[in-house]
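Single-structure report; data block below.
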Amino acid sequence: MRVLVTGAAGFIGSHLSQRLLARGDEVMGYDNVNDYYDPALKEARLARLQGQAGFRFARAGLEDRSAMERAFTDFRPHRVVNLAAQAGVRYSLENPQAYIDSNVVGFVNILEACRHHGVEHLVYASSSSVYGANTKLPFAVDDSVDHPVSLYAATKKSNELMAHTYSHLFGLPTTGLRFFTVYGPWGRPDMALFLFTRNILAGKPIDVFNHGHHRRDFTYIDDIVEGIVRTLDHVPAADPSYDFGQATPAASAAPYRLYNIGSDRPIELMRYIELIEQNLGTRAQCNLLPLQPGDVPESHADVAALRADVGYAPSTPVEEGIRRFVAWYRDYYGT
Ligand SMILES: NC(=O)c1ccc[n+]([C@@H]2O[C@H](COP(=O)([O-])OP(=O)(O)OC[C@H]3O[C@@H](n4cnc5c(N)ncnc54)[C@H](O)[C@@H]3O)[C@@H](O)[C@H]2O)c1
């Protein structure tokens, strides 16, 4: 199968590309390798892919319609996974325009390209942040998500809405995955595990928001990749008997699905920090701070639908996931 993976120089996209190549798919990565965080880390992820048979790469932005058209014309992907986006909740308060450019304009370009090139299935990244101010736990795809607390979340919710229109109007099969705090080797430097590890090793204090009372459904990268691949292989079909009188946000008469993808085992932030400390053999100096604007205090994914439909079964305990991250970090940075 030929699979176009946007965001292939990113954390999740590079792991997914590895996995698809390993099973014999051809992969075209599409990424602008921007400097939201250290581009050297993105280049290093790419370098691991670039030597492999079956991999090619387009260095371009989602906003660039002619570059996207070229990529689709040259590669003729059967399926597409859209992971490229402006990620991060806090940065959306600083630079809202970047979110509109990549996540809204860029996403429409992906939808249009998939429509005009007869793509069999588009899988795209949404986010647990769409649950915003919700307090009912675990978060379920049938819950209302009309109260986003960051522009990032609003762009992800808008992707789900736009995808539905393309599934409905043009019969484009689409599946949205709401990721819950993904972590692991080759991770993102703007996320807690990376920031904490770096500061603890440098003997610097770490900022612990919400006084450490966050609970997060931390999900190990291999479990996420397994879920994406299973989802990619499970193309949603139209359902003419769908009853709009009993409509749920997660399904439709159109070939459209929406799932949570998390670990289903949330843990306290302080426990997460303890595990990092144990692996580093050093105590952290914690700077306890209030909840940040745009942050949600707790996340817990209800993954029943993904289990039922594709046999998703996340299996990596956080103790093992953090051990593997710390081992990778020490090796990569030579610390
Ligand atoms: N990591 C998580 O915990 C998490 C949680 C929820 C949702 N997500 C979503 O999953 C997806 C992948 O996340 P990630 O953690 O791998 O992030 P990442 O930032 O590591 O990867 C995204 C990649 O997309 C590229 N990119 C960004 N804007 C682009 C554009 N306009 N054109 C082309 N390339 C562009 C970046 O250069 C980067 O390499 C994103 O859509 C993100 O919003 C991630």
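The values are calculated or read from the model by the stated rules, or taken from the named source; none is laboratory data. What you are looking at is a predicted structure, and each value in this text was computed from that prediction instead of being measured. Neighbour counts are summed over all protein chains in view; Cβ atoms, including those assigned to glycine, are modelled from backbone coordinates with ideal geometry.
The table that follows gives values for the structure above.
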| read-out | value |
| --- | --- |
| Evaluation of Ser299 against (1) modelled with pLDDT of 95 or more; (2) of a type in the set (Gly, Ala, Ser); (3) in contact with a strand residue (DSSP E or B) (Cβ under 7 Å, 6 or more places away or on another chain) (one fails), failing number | (1) |
| Residue match in the range 241-260 (condition: within 16 Å of the ligand (Cβ to nearest atom) and either farther than 30 Å from Pro297 by Cβ or assigned to a loop (DSSP other than H, G, I, E, B) (or both)) | no |
| Single unsatisfied condition, Asp142 versus (1) over 24 Å from Val235 (Cβ atoms); (2) surrounded by fewer than 17 Cβ atoms within 10 Å (Cβ to Cβ); (3) out of contact with any Lys or Arg (no Cβ under 9 Å at 6 or more places or on another chain) | (1) |
| Qualifying residue in the range 178-195 (condition: among the aliphatic types (A, V, I, L, M), in contact (Cβ under 8 Å) with a residue 60 or more places away in the chain and more than 12 Å from the ligand (Cβ to nearest atom)) | no |
| Any hit, the range 28-41, residues being over 22 Å from Gln86 (Cα atoms) and either touching a Gly at 6+ places or on another chain (Cβ under 9 Å) or in a helix (DSSP H, G or I) (or both) | no |
| Any hit, the range 268-280, residues being in contact with a strand residue (DSSP E or B) (Cβ under 7 Å, 6 or more places away or on another chain) and part of a loop (DSSP other than H, G, I, E, B) | no |
| Tyr152 being under 20 Å from Arg79 (Cβ atoms) and crowded, with 19+ Cβ neighbours inside 10 Å | no |
| Residues (surrounded by fewer than 17 Cβ atoms within 10 Å (Cβ to Cβ) and over 21 Å from Tyr332 (Cα atoms)) located in the range 46-55 | Ala53, Gly54 |
| Check on Arg230, surrounded by fewer than 18 Cβ atoms within 10 Å (Cβ to Cβ), of a type in the set (D, E, K, R), over 18 Å from Tyr91 (Cα atoms) and in contact with a helix residue (DSSP H, G or I) (Cβ under 8 Å, 6 or more places away or on another chain) | yes |
| Failed condition for His15, given (1) under 21 Å from Tyr183 (Cβ atoms); (2) at pLDDT below 95 | (2) |
| Criterion: among the hydroxyl-bearing types (Ser, Thr, Tyr) and out of contact with any Leu (no Cβ under 6 Å at 6 or more places or on another chain) - qualifying residue of Thr197, Thr174 | Thr197 |
| Count of residues meeting criterion [within 9 Å of the ligand (Cβ to nearest atom), surrounded by fewer than 24 Cβ atoms within 10 Å (Cβ to Cβ) and not aromatic (Phe, Trp, Tyr)] in the range 16-45 | 7 |
| Criterion: under 20 Å from Val119 (Cβ atoms) and within 16 Å of the chain's Cα centre (by Cα) - qualifying residue of Ala71, Ala84 | Ala84 |
